[in-house]
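Chemist: One structure follows; several queries about it will come next.
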Amino acid sequence: MKLSRNTLFFFIGSAIFYALVKIMQFNGILTPYWQLVLDQALIIVIGALGLSIIYGFTGQFSLGHAAFYGIGAYTAGALDKVYGNGNMLFFFLSLLIGALVAGLVAFLIGLPILRLRSDYLGIATLGFGIIVRVGMENGNKLFPVLGGATGMSGTPQLAQFDLIFILALIIILLVRNFIFSTYGRACISIREDEIAADVMGIDTTRYKILAFVLGCALAGLAGGIYAHRYPFLHPASFDFLKSFDFLLIVVLGGLGSMTGTIITAIGWVFLLEVLRVVLGQDFIDWRGVIYALILVVSIIVRPQGLFSGKEFRLLVPEQLKMATGKERTYAGFGN
Amino acid sequence: MEHFLEQVLNGFQLGLMYALIALGYTMVYGVVQLINFAHGDVFMVGAFLGYFGFAVWGLPLPLAILLAMASCALLGVVIERIAYRPLRYAPKIAALISAIGVSLFLEYFSSLKFVFGPNYRVVPRPFPEIQWKIAGLTVTNIQVIVFVVVLIMLILLQILIYRTKTGMAMRTVAVDHNAARLMGVNVDTTISITFAIGSAFAALGGVLYAIAYPQIHPFMGIMPGLKAFTAAVLGGIGIIPGAVLGALIMGQVETLTSAYISSQMRDAIAFAILILVLLFRPTGLLGRTETEKV
Amino acid sequence: MPVLEIENLSKAFGGLKAVNNFSLALEEGEIVGLIGPNGAGKTTVFNLITGLYKPTSGTIRFLGEEISGLPPFKISQRGIARTFQNIRLFKGNTVLDNVRAVFHPRIKYNFFDALLRTPRFTAEELRVTQKAMELLEALNLDKRANEKAANLAYGDQRRLEIARALATQPRLLLLDEPAAGMNPAEVRHMVQLIRFIKEKYKLTILLIEHQMGMVMNLCERLVVMDFGQIIAKGTPLEIRNNPVVLEAYLGKGATVA
């Protein structure tokens, strides 16, 4: 794999960011509280990128994303809680299994419902999310370890910033590579005009399912990490309101933009916490009100989202340079 | 057997209340293709206003209902004007996000101490509950009232939509905004009226709900709103009889599941049925498949 | 062997017979025009050939093999491409990506190559981009390669649709009103373009068009439809003077000056 210039800059930028965080940790500027917020932001980035693939790039309106986030969380969390013993290798395995289970469930439910038209698909995924939540609340009847309506605790808290950060970077790169390839182009063409894509030779059913499975697996991965960073899993954290959160992030960031999703995810998590701090104890009740107002104002001011369709140059793999006119040079095409 | 029929009656009661909410969803979707997520919260506001009307301010019940309906009609119009109209010709998803924001706003604003407060409130019955035994079944006066009231509202709605100019305007706008404009229909006003009616219906549903299930709180609208919305989709979004049909089905499924399987499973089963129906009738029970012209 | 053989093709929507007993054989290298008043069922025939509709009865054979009943993407992969009456570009994509997207079924790398950016991926992307640029050059769109398709002028959009169709390496090209909304100069250019691509890419072409100048100039023979049925077949000269055809277009008792 050759590294193109943009990718190199991406790595350098990430390294700088990492260094900054470490310095802030060392100085005490980054308190454990805000460290948790940062970790949560990165986890949400991974989950939101999943919905970005499904909805932002492939146009499949899913309102059940949090259900897969929860499936990953409970699967990985329960496995590691019961069998893990704090073993790092098992931890990674549990993350993988969590993602795979989420992807498998997505495949099974996606096969029948992905042929539904947009609004109906939304409601079907919404309904599925509720079914999953009920499952989480009653799962302890089958598997006592799952904890039921009061939640599950006891997962070894093995996820730390370093790990989460690196995982997030890897996921961002992999998602980018997917999008800027024929697979991404196939998905985008489905979003743009499903009928035309079909007639032009793209197996739309297959790629809708692929995008859905991939996106939900990412949600499952994010959930698995979440379970190892938060000592307590509660079914209410994975209901349709959480699905709305993911949707908000993807839409406000701009459909069809990874950069938008990433930045909005981080911004959204921090916004909620900043509001909490700024408002303090006296006005904490207003947090929800202000958040809602920001939401409404943001979407009215910028209905297409922050980055609709555009990406940071750093995220775009080196495109072939095309000069106008007779002379044409193809610059090195790396990853 | 009596027990089963009584549960069926309960299911009807619930379903008819869902129908009042579902009608608002489906009418609004018809004219602006928007799923108004804030609608369930208008239901909540209606419930609270009704409660304040008859339980706090001592108004006679019909007046309290009227107050709730009128206020929520106004609320619906204001919401549309501020949060949806600017996005009317933007991508549909933008209006949806705005609706989510409005929904959250209504919930959190109502939770503030100087508004409704975050706590549950018990709603005292504005009239005593009377039960009759008809053919061995216990029937309550609440059930009868809900049935009668909703039936009257449905008839009025039918008359409005099919026998008035306003109704024709609504139907026209539901088909094509520009064509409607060219025919002299004031699209903005028609949409506002649609929101007003839908919100008034939701408010009525809220008051009836508060009387029948006497606990209210600012987040009470979320699940009924979701279920009513599901009901509207189940019946075919945008189709008025579909909303009623879907709502009645949702009410029955929820009540019967609660009674015979488990009350925790009721939501799961209701939505599982929804998914199954959609798989066989992808545009809802009464929906028409729109074939796209290629 | 004819490239396309349609026998007694019918399509009914409920009680309405949109296409009734349509038969046609296309030999390799022909340009045949499918004409008729609006609503005659011409686009429906295209939709049937490309698999968007399933025939109620009749057969469609492409290169000797039955294709009716196959899903559209499989039919496309066998070598039939089309453009649309109401342009259906991937509007949010760039011009280049519109063309590159449809190379998808013929891409020689797999999922993991893409994720890991192997040399195979790199080489294939380069090849696809080059081929796409060649197509765009041939249709005079290369200078706009990085523009969003939605921002293109109407005539450019029509050409882009053709470029995209050509990228699927078809043997048979179905053009649905490629000159719609064009002025006479643009129509002339379109005629030249179609001749050019037919020669260069060795195509058989079936053309729906209302612009009679284009049709008469370009097509070796014509098939005329009205109310879902074929009412006449023949050379342009024959069709021009055919009273049945005139009546279909202009009503009873009309004559052409």
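Nothing in this text is a laboratory measurement; each read-out follows from the coordinates by a stated rule. Computed from a predicted structure; not experimentally measured. Here Cβ is always computed from backbone atoms with ideal geometry, including for glycine, and neighbour counts include all displayed protein chains.
Chemist: Cα gyration tensor of segment A:5-328, axes a ≥ b ≥ c as square roots of the eigenvalues: rounded (a/c below 1.5), prolate (a/b > b/c) or oblate? Before the final figure, lay out each step's value.
Modeler: On the way: a/c = 1.44, a/b = 1.19, b/c = 1.21.
Rounded.
Chemist: Show that you can apply the helix-only estimate: for the protein assembly as shown, add -39,500 (n - 2.57) for every DSSP H stretch of four or more residues, divide by all residues, and state [θ] at 222 nm to the nearest 500.
Modeler: Estimated from H runs of four or more residues: -19000 deg cm²/dmol.
Chemist: If each of B:I134 and A:I170 carries a label point 7 Å out from its Cα toward its Cβ, how far apart are those two points in nm?
Modeler: My value for the distance between the label points is 6.7 nm.
Chemist: Extent of segment B:1-135 along each principal axis, from alpha carbon coordinates, in Å, largest to smallest?
Modeler: Principal extents (Cα only, largest first): 56, 38, 25 Å.
Chemist: Please list, by residue number, every one of the trypsin sites (Lys or Arg not before Pro) in segment A:1-65 that is coil in DSSP and has at most 15 other beta-carbon atoms within 10 Å.
Modeler: A:K2
Chemist: State log₁₀ I(q)/I(0) for segment C:1-113 at q = 0.13 Å⁻¹ as given by the Debye formula over alpha-carbon point scatterers of equal weight, solvent excluded.
Modeler: Ignoring solvent entirely, the Cα scatterers give -0.60.
Chemist: Which FRET efficiency, nearest 0.05, do C:A180 and C:A123 yield, Cβ-Cβ r, R0 45 Å? Intermediate results must be reported in sequence, preceding the final value.
Modeler: Values: r = 40 Å, r/R0 = 0.89.
Efficiency at R0 = 45 Å is approximately 0.65.
Chemist: Now, a different point. Based on the Cβ-Cβ distance from B:R125 to B:L74, what FRET efficiency comes out when R0 is 25 Å, to the nearest 0.05?
Modeler: About 0.35, to the nearest 0.05.
Chemist: Compute the longest continuous run of chain B that contains no exposed chymotrypsin sites (Phe, Trp or Tyr not before Pro); treat a site as exposed when its DSSP state is not H, G, I, E or B and it has at most 14 other Cβ atoms within 10 Å. All intermediate terms of the calculation are to be shown ahead of the outcome.
Modeler: Details: sites that count: B:W57, B:Y89, B:F114, B:Y120.
Segment B:121-294 is the longest.
Chemist: Oh, and also: Assuming a ≥ b ≥ c are the square roots of the Cα gyration tensor eigenvalues, decide whether segment B:19-220 counts as rounded (a/c under 1.5), prolate (otherwise, with a/b larger than b/c) or oblate.
Modeler: On the way: a/c = 2.42, a/b = 1.44, b/c = 1.68.
The shape class here is oblate.
Chemist: Given labels modelled 7 Å from the Cα in the Cβ direction, how far is it in nm from A:F283 to B:M183?
Modeler: Those two pseudo-labels are separated by 5.0 nm.
Chemist: Calculate the length of the line joining the C-alpha centroid of segment B:221-265 to that of segment C:115-144, in whole Å.
Modeler: Distance between centres, Cα-based: 52 Å.
Chemist: With an 8 Å Cα cut-off and a minimum separation of 6 or more residues, compute the relative contact order for chain C in percent.
Modeler: Working: 447 pairs, mean separation 68.6, N = 257.
Reported relative contact order: 27 percent.
Chemist: Also, I was wondering about something else. Segment B:68-154: percent of C-alpha pairs farther apart than 16 Å? The partial results should precede the final answer.
Modeler: Numbers: 2728 of 3741 pairs.
Distances greater than 16 Å cover 73 percent of the Cα pairs.
Chemist: Simple spin-label model, 7 Å along Cα-to-Cβ: A:V145 to C:A153 in nm?
Modeler: 6.8 nm
Chemist: To the nearest 0.05, what FRET efficiency results for C:R78 and A:F232 with a Förster distance of 60 Å applied to their C-beta separation?
Modeler: 0.60
Chemist: Compute the label zone of C:N21 within segment C:220-240: residues whose backbone N is under 17 Å from the point 7 Å along Cα-to-Cβ.
Modeler: In segment C:220-240, the label zone of C:N21 (backbone N under 17 Å from the point 7 Å along Cα→Cβ) covers C:224-233.
Chemist: Give me C:Y109, A:Y226 ranked fewest to most by other Cβ atoms within 10 Å of their Cβ, as a rough exposure proxy. Write out the running numbers ahead of the final one.
Modeler: Values: C:Y109 20, A:Y226 28.
Fewest-to-most Cβ neighbours within 10 Å comes out as C:Y109, A:Y226.
Chemist: While we're on this one: Which is the longest run of chain B containing none of the trypsin sites (Lys or Arg not before Pro) found in DSSP loop states (not H, G, I, E, B) with at most 10 other C-beta atoms within 10 Å? Don't skip to the end; give the middle numbers.
Modeler: On the way: sites that count: B:K113, B:R288, B:K293.
The reported range is B:114-287.
Chemist: A follow-up question, please. Could you give me the percent of Cα pairs per 5 Å distance bin for segment B:117-237, shortest bin first, beginning at zero and ending with the bin that holds the maximum distance?
Modeler: Using 5 Å bins, I get a P(r) of 2, 9, 13, 16, 17, 14, 12, 8, 5, 3, 1, 0 for segment B:117-237.
Chemist: If the viscosity is 1.567 mPa s and the temperature 4 °C, what translational diffusion coefficient in µm²/s does Stokes-Einstein give for segment A:1-148 when Rh comes from Kirkwood over Cα pairs? List each step's numbers first, then the result.
Modeler: Details: Rh = 18.1 Å.
Approximately 72 µm²/s, per Stokes-Einstein.
Chemist: With the contact rule set at Cα under 8 Å and sequence spacing of 6 or more, what percent relative contact order holds for chain A? Could you put the intermediate results ahead of the total?
Modeler: Values: 537 pairs, mean separation 107.0, N = 335.
Computed value for chain A: 32 percent relative contact order.
Chemist: Also, I was wondering about something else. For chain C, count the residues as N, evaluate 2.2 N^0.38 Å, and divide the Cα radius of gyration by that value, please.
Modeler: On the way: Rg = 19.3 Å, N = 257, 2.2 N^0.38 = 18.1 Å.
Output field value: 1.07.
Chemist: Test of understanding: given chain B, find the longest segment containing no GluC sites (Glu not before Pro) that are in a DSSP loop and have at most 14 other Cβ atoms within 10 Å. Walk me through the numbers before you get to the answer.
Modeler: Values: sites that count: B:E129, B:E290, B:E292.
Of all site-free stretches, the longest is B:130-289.
Chemist: Helix C:119-138 sits at what angle to the longest principal axis of chain C, using alpha carbons and giving 0 to 90 degrees rounded to 10?
Modeler: Helix C:119-138 sits at roughly 40 degrees to that axis.
Chemist: Skipping prolines and chain starts, which residues have an amide H placed within reach, meaning under 5 Å, of the one on B:L286, given they are 5 or more residues away or on another chain?
Modeler: When sequence neighbours closer than 5 places are left aside, the close amide H contacts are B:G236.
Chemist: What is the mean number of Cβ atoms from other protein chains located within 10 Å of the Cβ atom of each residue in peptide C:110-119, rounded to a whole number?
Modeler: Values: counts 1, 6, 0, 2, 10, 9, 5, 14, 2, 3.
Shielding by partners across C:110-119 averages 5.
Chemist: Counting pairwise Cα distances across segment C:81-176, what percent come out greater than 15 angstrom?
Modeler: On the way: 2696 of 4560 pairs.
Value for segment C:81-176: 59 percent of Cα pairs lie more than 15 Å apart.
Chemist: Report, please, the projected area of the protein assembly as shown averaged over directions, based on the convex hull of its C-alpha atoms, in nm².
Modeler: Numbers: hull surface 170.3 nm².
Averaged projected hull area, Cα only: 42.6 nm².
Chemist: Let me ask you something else. Please list, short to long, the whole-number percent of alpha-carbon pairs of segment A:111-248 in consecutive 5 angstrom bins beginning at zero.
Modeler: 2, 8, 13, 18, 17, 16, 12, 8, 4, 2, 0
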